[in-house]
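Following: one structure in structure tokens, then a few remarks.
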Amino acid sequence: MINLQRCILVFLALICFFGADAQVVAQSDSTNVSNDSINTAALQQYNNKLAEMEQLRVADSLKKVALENQLSSLKTTDNLQKEELQRQLQRIKENENQRIAEKKSRINSLRSTAKGFPVMGVLHDTLFYVYSKIGASTPSDRAKSISKKINNLYEDDFLKIDSIISVKSENTYDIVYGESILMSISETDALWYDKSMPELADEFRTIIKDSIVKAKEENTFFKILMRIGLVVLVIIVAWFFLWLIGKGYNRLLDFLMLNKDKWLKSLAYKDYTFLSADQELQVVLFALKLLRWFVYALLVYITLPIIFSIFPFSRTWADALFQLIWSPFKGLLIAIWAYLPNLFSILVIYFVMKYVIKFVKYIFAEIDSEKLKISGFHSDWAMPTYSIVKFLLYAFMFVLIFPYLPGSDSDIFKGVSVFIGVLFSLGSSTAIANMVAGLVITYMRPFKINDRIKIGDITGDVIEKTLLVTRIRTIKNEEITIPNSAVLSGNTTNYSTIARTDGLIVHTTITIGYDVPWNEVHQTLLKAADRTEMLLKDPKPFVFQTSLDDFYVAYQINAHTREAGKQAAIYSNLHQNIQDCCNEAGIEILSPHYHAARDGNMITIPGNYLPKDYKAPSFNVNVKKGSD
């Protein structure tokens with residue numbers, strides 16, 4: 001906390017004592033440049049017209065002087081000629097009044113838009129503004145020249161302030177000091193201030209004298225010491241408040257820690273906890289830290305203008321500091337206010353499209369629930385089609401909203417949009433292929449959710465279909481994700497589609513020797529199928545003899561079932577029943593490579609299916625003797 005206070009105090013001191021000259025020069029330069037850009041266009045046309053009017057005025061003045069000289073030289077008896085000369089002088093006077101009125105009207109038309117160039121005093125305060133040029137000197141050049149001459153007078157240690165006087169020249173009033181002309185007041189300058197040239201010259205002379213006197217008073221050694229003392233006092237007071245804020249913050253933390261168990265409870269609803277007591281404490285500490293930094297910033301923001309107001313050369317810095325901080329917020333607020341019509345348009349488009357999508361969803365939900373039937377449009381197409389239509393509607397909404405987005409017409413926005421589009425097109429070719437395959441699969445209808453299918457070597461139940469992938473759960477509870485492009489390019493076997501209506505045919509094959517009658521084997525297999533659960537009695541099971549091989553006959557039992565998802569259990573139960581029925585019938589199931597010598601060997605049927613007095617036959621050896 002102490003280090004933070006020291007940093008802030010050092011920051012204040014550096015700003016006060018080391019930033020003066022650079023800030024003043026920058027401020028003066030920025031003012032001149034700004035005024036140049038503002039006035040150049042507005043005053044250029046006026047100054048051109050002024051040059052033409054000045055030529056006419058000079059011609060009229062010369063003509064007036066000649067007429068007055070001629071009039072004074074006439075005799076008293078030349079009345080006719082005198083009247084003619086007086087009429088000419090009257091016309092010249094009327095032209096002069098008309099010229100002044102026209103010039104004044106032009107000046108009045110420029111007052112609301114044109115801004116003058118400031119003449120800066122020694123203390124960098126604005127004394128007055130210059131609006132018109134004299135000869136080849138532009139208003140900007142005149143203002144700079146006058147400011148420079150005022151500073152030169154201030155630096156003159158032997159200056160006699162009362163020697164600054166105003167004198168009349170041929171066409172102007174000049175403010176002079178000795179042999180130096182500080183500035184000239186023209187007729188146009190007087191018209192800008194709506195005064196006569198003598199009045200304006202006296203006013204400007206008084207302003208210049210007062211500014212020099214004030215600057216000399218402000219920059220005395222005693223004044224400087226007093227201001228330094230005030231700066232130190234302000235910094236001490238600021239440090240005291242910083243220390244006070246730090247102490248108050250630490251006491252508040254101690255008080256909070258002491259009462260946190262009483263004040264902070266977990267924020268929960270039923271079994272879900274939104275914020276625990278520790279999390280609430282962290283939020284409160286964060287908020288207090290933000291508040292502390294805000295108070296510090298506010299204190300610095302109040303202290304700096306006070307310090308800047310102590311020295312004359314830095315009094316304008318407070319406004320600059322305020323503008324530095326306020327201008328971004330002001331610009332933001334103005335931009336938000338200007339954007340409100342576009343924002344309203346975006347909201348209207350969004351809410352209209354939102355209710356259109358709700359209506360479309362209602363229609364497709366009715367189709368999905370088969371309350372609304374459309375010929376040739378299957379109900380399982382409803383929700384996938386709704387997703388496509390919703391995507392297209394949102395895309396259309398974005399197209400409508402795009403022109404109203406801030407910066408949508410800028411080259412940077414367009415460039416970023418193109419860049420993102422290129423990245424998307426290059427990096428999503430596989431994803432797009434899967435999405436297209438997902439759409440094709442949706443409308444091909446090769447399978448539905450919970451169907452038992454086989455894709456390649458993978459067999460299982462469909463648990464999810466998306467535009468990108470299909471997920472299958474095998475009988476071993478393995479979840480396998482297959483890209484839709486692989487599904488579309490391969491073969492898909494669906495066990496469930498026909499099983500719901502006609503039934504799925506499950507089948508298995510056994511091999512029996514030629515010594516067993518085929519009709520006995522048929523009856524045994526049909527009996528085993530009849531014992532098996534989840535196999536249909538109608539249609540009736542049937543047996544095929546699929547091959548006659550060298551050592552055995554292949555018999556295939558076929559039966560219908562509607563439980564396609566339970567094939568593993570059905571096959572296991574069927575195989576058990578085949579074994580039992582064959583054993584009961586005394587039929588041996590021999591593998592293709594199984595050989596048995598009947599004499600002297602046990603039969604392959606399990607012992608619990610044999611008679612209790614069963615004995616293995618003895619070897620039978622027949623010897624034939626020859627007839628001798």
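The values are calculated or read from the model by the stated rules, or taken from the named source; none is laboratory data. What you see is a predicted model, and the numbers here were worked out from it, not measured in a lab. Methodologically, a virtual Cβ is constructed for each residue, glycine included, from the backbone with ideal geometry; neighbour enumeration extends over all protein chains shown. Side chains are part of the model used for accessible areas, which takes the heavy atoms of the whole protein and leaves out ligands, DNA and RNA. Shrake-Rupley method; radii C 1.70, N 1.55, O 1.52, S 1.80 Å.
Listing for the model above:
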item	result
Whether the range 204-354 is rounded, prolate or oblate, judged on the alpha carbon gyration tensor where a/c under 1.5 counts as rounded	oblate
Residue-span extension gain [LEU253 to THR220] - 0.36 nm each, minus C-alpha spacing	6.9 nm
FRET E, pair ALA136, ASP156, Förster distance 30 Å, beta-carbon r, rounded to 0.05	0.60
Segment TYR272-VAL440, extension gain: residue separation times 0.36 nm, minus the distance between their alpha carbons	56.2 nm
Cβ-based net charge around PHE551, under 13 Å, with every Lys or Arg adding one and every Asp or Glu removing one	-4
Per residue accessible area of the range 335-402, 1.4 Å probe, in Å²	71 Å²
Long pairs among LYS373/LYS566; LYS168/LYS214; LYS115/LYS223; LYS93/LYS195, criterion Cα-Cα beyond 23 Å	LYS373/LYS566; LYS168/LYS214; LYS115/LYS223
Total lysine pairs under 29 Å (Cα atoms) in the range 413-499, excluding pairs fewer than 8 apart on one chain	5
Fraction of accessible area attributable to carbon and sulfur, the range 243-302 (%, probe 1.4 Å)	67 percent
Accessible heavy-atom area order of VAL300, VAL422, highest first, probe of 1.4 Å	VAL422, VAL300
Residue-span extension gain [ASN342 to LYS414] - 0.36 nm each, minus C-alpha spacing	24.0 nm
List ARG87, ARG452, ARG205, ordered by accessible area with a 1.4 Å probe, largest first	ARG87, ARG205, ARG452
